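The values are calculated or read from the model by the stated rules, or taken from the named source; none is laboratory data. Just so it is clear, the model here is predicted, and its values are computed rather than measured. Cβ atoms come from the backbone with ideal geometry, glycine included; neighbour counts cover every protein chain shown. Keep in mind that these areas ignore ligands, DNA and RNA; they rest on the heavy atoms of the full protein, side chains included. Shrake-Rupley method; radii C 1.70, N 1.55, O 1.52, S 1.80 Å.
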Amino acid sequence: MSIHTPTKALPVWSLSLGCPKNRVDSERLLGSLGLPVKSVSQMGRARLVFINTCGFIAPAVRESVRAVLDAVNRLARCKNKPLLAVAGCMVGRYGAEELARELPEVDLWLPTGDLADWPVMLARALNLPEGAGSGGRLLSTGPSYAWLKIGEGCRHNCAFCTIPSIRGGLRSEPVPGLLAEARGLLEQGVRELVLVAQDVTAWGGDLAGKKSLLHLLEGLLGLDGLAWLRLLYLYPSGVTPELLRFMKESGGPLLPYLDIPLQHAHPEVLARMGRPFAGDPRRVLDRVRDALPEAAVRTTFIVGYPGESEAHFDSLCRFVEESRFQNLGVFAYQAEEGTKAAELPDQVPEESRERRRATLMEIQAGISESLLAERVGQRLPVLVDAPHPEWPGLHSGRVWFQAPEVDGMTYVSGPGVAPGALVECDIVENTEYDLTALA
């Protein structure tokens, strides 16, 4: 039987909250409906309103609930009501049945446990023709970069984290599918691929033959059109001598940029977190810098964790001052229902948690400004992301040690500057987190 696929585009209003892994899920879903998708800015003009939620921590859940309630209220005023579909980690955390009782206005709930079935579930709800549910990926990041999610779930059991209970255990995506997806992204003009998973270093450990991340990297580095390849979310114990040696010898598109969430520096706090390198977190940093002296290291810390004393926090501050990370994020601890950490004694008051977060970020601001000042006068390639919304001729972009959406940016202007271009530029100015460059 022949399958007729309509050529008319499906009008969609979409919102993806939370991490880049969610963004990939949204792009894959909207690209797999078997017909073109047209983004619309007004919900009332859509046939589908799709919200991909985050459920990692309480503030993210509240943001997700607000987004769904806003959509419900806005759609109540529409004559021709679109299908409202809500997906993602909030659905995985609280369950579709419970949420449906609280929000009956939502037409379709898509739990994370049914991720592989989302295209079919949505196609049926939209009454799309038989054969819908296969396709590519609808990019939402512009021509310069795209996220490539290489795995689902997590094999670790950090005491503060809800992800294993929401997303399940580690499930690596096989090489053939990842390479095909990467080729498709590069054929759309994407210059940089950013690998993401809950723990990128764990990739392949659950596959037949227990493949290592190096096997996947070799395949990706052989693809035509790849300018930069970046690794995010590297579990500290997975940053092995073998991986670092591979990065050093590969060169080319594989950037010497490592995002290693250490979460804390004091061994007593790390032990309560259930984290590796509890004896001395400096070991992983020393290992990286011995192998790759030029490497840019990004990390994240949690402050105000249960039992974190002022002495523990002072130790963390000294560690940050000594380590001089290129990029750093700080989170005030959130006690999440269902986690081991939420049941621990000695919970730190919210005021102290927020004060510690602000203090550590102030320390990092000075470090970042100093490191960026050293780049002024250098000539570096800038990957151009998008035009500046207010200043004609000015664009936002990034140099190699700036990951998209989480680090600072480089403002660039001059000949040849356009979204997706990789342009040699002179670095002429810096602020605490950003650079200015001229092509």
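A quick yes/no check of all residues on (1) in contact (Cβ under 8 Å) with a residue 40 or more places away in the chain; (2) out of contact with any His (no Cβ under 7 Å at 6 or more places or on another chain); (3) hydroxyl-bearing (S, T, Y):
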position: H395; (1), (2), (3): no, no, no
position: G408; (1), (2), (3): yes, yes, no
position: G414; (1), (2), (3): no, yes, no
position: E424; (1), (2), (3): yes, yes, no
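Test of understanding: among E369, E374, E350, E424, which residue is of a type in the set (D, E, K, R), under 19 Å from A295 (Cβ atoms) and open to solvent by 40 Å² or more (accessible area, probe 1.4 Å)?
Among E369, E374, E350, E424, only E374 is of a type in the set (D, E, K, R), under 19 Å from A295 (Cβ atoms) and open to solvent by 40 Å² or more (accessible area, probe 1.4 Å).
Please state which one of S368, S309 is in contact (Cβ under 8 Å) with a residue 12 or more places away in the chain, small (G, A, S) and in the same structural domain as Y235 (by the TED database).
It is S368.
Looking at (1) open to solvent by less than 40 Å² (accessible area, probe 1.4 Å); (2) under 16 Å from the mean Cα position of the chain (by Cα); (3) of a type outside the set (A, V, I, L, M, F, W, C), which one does S172 not meet, given that it meets all the others?
Exception for S172: condition (2).
Taking region 386-418 as the region of interest, how many residues are over 20 Å from V376 (Cβ atoms) and surrounded by 17 or more Cβ atoms within 10 Å (Cβ to Cβ)?
Looking only at that region, the number is 2.
Mind counting the residues in region 275-319 that are more than 23 Å from the chain's Cα centre (by Cα) and part of a helix (DSSP H, G or I)?
Residues flagged as more than 23 Å from the chain's Cα centre (by Cα) and part of a helix (DSSP H, G or I) within region 275-319 amount to 17.
Test L214 against the stated conditions and say whether it is touching a Leu at 6+ places or on another chain (Cβ under 6 Å) and within 22 Å of D290 (Cβ to Cβ).
The answer is no for L214.
Do the conditions hold for S144, that is, is it more than 18 Å from the chain's Cα centre (by Cα), crowded, with 16+ Cβ neighbours inside 10 Å and hydroxyl-bearing (S, T, Y)?
no
What's the number of the condition V384 fails, among (1) closer than 22 Å to G189 by Cα; (2) outside any strand (DSSP E or B)?
(2)
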